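*Asks:* Below is the structure I would like to discuss, written out as C-alpha cells.
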Amino acid sequence: MPKLNIVILLTISSCFSSLAWAHAAGPSPEVLWKEVQILQNTHAIMPGSVPYQAGSRTVDPYTVDLANPLAISSIEKAGGILKVTRYSNGSLMVKENYNAHKQLVGVTAMLKAAKFDPSDRNWIMAA
C-alpha cells in the first residue's frame, strides 16, 4: 500500500499550546498529529473494534477505530465502549475513514483535555 500523506485541519489549532493535556502542558498540533500517527503505525485498535468494520456513513463504508492507552483503560474499566461514561484526561481516539475500495479518505481525532471546554465535556475534535 503506498504511503499516504494526510493533513489534519485543526479548527482550533491556535489553542493547543495552552491546553492541559492529561496533567501536562497541552500538545501543539504537530505533537497531536505525531500521537495520531503513533496509533496508526502501531495499529492500536480500540477494544471492541475490528479493522475495516462497517462505517456509520455511506461516504466512508469502512472505518478503523484506534485508541491510546488512556482511552483503552477507560473502555476496559467500564466493561466496553458502550458502557463508558467518562474518559480519562489525555484519552485520544482516532477514526480512520475508508472508501468502498478500502482506501483511506479521512481521519477524525478526539482528545479529552482537562479544562478545555466544559460545555463539550472537554473534548477537542479534529478532522
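The values are calculated or read from the model by the stated rules, or taken from the named source; none is laboratory data. What you are looking at is a predicted structure, and each value in this text was computed from that prediction instead of being measured. Because the Cβ atoms are built from the backbone with ideal geometry, glycine has one as well, and the counts that use them run over all protein chains shown. Note: areas computed on protein heavy atoms with side chains; ligands, DNA, RNA excluded. Shrake-Rupley method; radii C 1.70, N 1.55, O 1.52, S 1.80 Å.
*Asks:* From the set of residues in region 52-74 that are open to solvent by less than 80 Å² (accessible area, probe 1.4 Å) and more than 19 Å from residue 35 (Cα to Cα), which is modelled with the lowest pLDDT?
*Replies:* Ranking the candidates gives 60 first.
*Asks:* Can you confirm whether residue 90 is at pLDDT 85 or above, surrounded by fewer than 19 Cβ atoms within 10 Å (Cβ to Cβ) and in a loop (DSSP other than H, G, I, E, B)?
*Replies:* No: the conditions fail for residue 90.
*Asks:* It is to be established whether one or more residues within region 47-61 are within 14 Å of the chain's Cα centre (by Cα) and β-branched (Val, Ile, Thr).
*Replies:* Looking through region 47-61, none of the residues is within 14 Å of the chain's Cα centre (by Cα) and β-branched (Val, Ile, Thr).
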